[in-house]
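Worksheet for the structure shown next.
Each value in this text was obtained by applying a stated rule to the coordinates, not by laboratory testing. Owing to the predicted nature of the structure, the values given are computational and were not obtained by experimental measurement. For neighbour counting, all protein chains shown are included, and Cβ atoms are generated from backbone atoms with ideal geometry for every residue, glycine included.
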Amino acid sequence: MLEAGINLVWIRDFLGHSSTTTTEIYARASSKMKEDALAKLDPGILKKEKSSWQNNKELLSYLKSLQTKY
């Protein structure tokens with residue numbers, strides 16, 4: 001219901017909870033909902049391009065070497 005955009009108060013009433021605090025225990029936002037909310041705050045906040053350190057092959061190689069092998 002939350003992902004369908006239904007207000008938490010209405011979900012509370014539908015489920016018969018006395019408080020939205022109880023409803024919040026069960027209502028969890030998906031990753032998509034979180035991304036959408038962040039994009040509304042600042043459209044550029046969710047950059048899809050890699051950061052400069054992610055393009056540094058030497059650094060990435062070093063970081064991978066730190067992984068423990070099981």
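Here is how the numbers come out for the structure above:
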{"read-out": "Computed E for Ala27/Lys47 - FRET, C-beta separation, R0 35 angstrom, nearest 0.05", "value": "0.75"}
{"read-out": "The stretch 8-65, Cα convex hull volume normalised per residue, Å³", "value": "127"}
{"read-out": "Cut-off of 10 Å, at most 11 other beta carbons, DSSP loop: longest stretch of the chain lacking such trypsin sites (Lys or Arg not before Pro)", "value": "1-27"}
{"read-out": "Spatially close lysines, pair count over the chain: Cα under 24 Å, gap of eight or more or interchain", "value": "15"}
{"read-out": "The chain - percent relative contact order, Cα under 8 Å, separation 6 or more", "value": "18"}
{"read-out": "Sparse-neighbour loop sites [GluC sites (Glu not before Pro); the chain; at most 12 other C-beta within 10 Å; DSSP]", "value": "Glu3, Glu49"}
{"read-out": "The chain, dipole about Cα centre (Lys/Arg Cβ +1, Asp/Glu Cβ -1), debye to the nearest 20", "value": "420"}
